[in-house]
Structure formats: C-alpha cells, structure tokens
Amino acid sequence: MTQEHDNSCDCGECEEIITLIDDNGEEKDFTVIDIIELDGSEYAILLPVETDESEDEDSEEAIILKFTQDEDGEDVLVDIEDDEEWEKVADTWEDMLAKEESEES
C-alpha cells in the first residue's frame, strides 16, 4: 500500500478510506482519521467503516498501526508489537484530541 499524506491538511473534510486484509484473509475498510509522527516513526489512527445502520463514532474503537516499509520499499501498515510503544502513541493521540477539544470550546 502506498500512502501519501499532507500533515498540514486539517480541514476535517479529507477522509481517506483504506482496505486492510486481516489474518483470516478478509478485507476490511477503515477511515484514516489521523496520522501521528512520534520518535521518528509515523502511525495511522484508523476507524472501521461501518456497513450497518450504526453511525455513532463513539461506539467504534480506533486502531493504531505503524508505518513501515516492505522489502520493495513500499509503505505498509503493521501492528505495534511493543505495548509501551502502543501506549505512548495512544497517549499522544488522546492528548492531541483533548487539545483540539479545548481549543474549540
């Protein structure tokens, strides 16, 4: 998967849908809601695209995947294996959300 993005775009209207294949070979669509750069690595915050009548984002759980490159030099998203690294990214994202909410108030 090749992923290009512009970190300066915060219009809130630029939604990108990506399709990931799970361990069972099933395709699942996700909306890229944020991309975070932390300690020299980039991470994608994704929300599953709901196919039923449920549109309440609060009931959906975001997932965090790390950008890395495969043997061909293509960008790919992988699970974060290290719990400490995952917590650090999750905390950073939560802090960003809290800051945005306080700025909107």
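What follows is calculated from the coordinates using simple rules that are stated; it is not laboratory data. These figures come from a predicted structure and were not determined experimentally. Positions of Cβ are generated from backbone atoms using ideal geometry, with glycine treated the same way; all protein chains shown enter the neighbour counts.
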### Query
When the Kirkwood hydrodynamic radius is evaluated over all pairs of different C-alpha atoms of region 16-104, what value in angstrom, to one decimal, is obtained?
14.4 Å
### Dipole in debye (nearest 20) - region 16-104, about Cα centre, beta carbon charges: Lys, Arg +1; Asp, Glu -1
240 debye
### Task
Would you be so kind as to identify which of Ala62, Thr92, Ser41 lies farthest towards the positive end of the dipole of region 16-104, taking Lys and Arg as +1 and Asp and Glu as -1 on Cβ and the Cα centre as origin?
Ser41
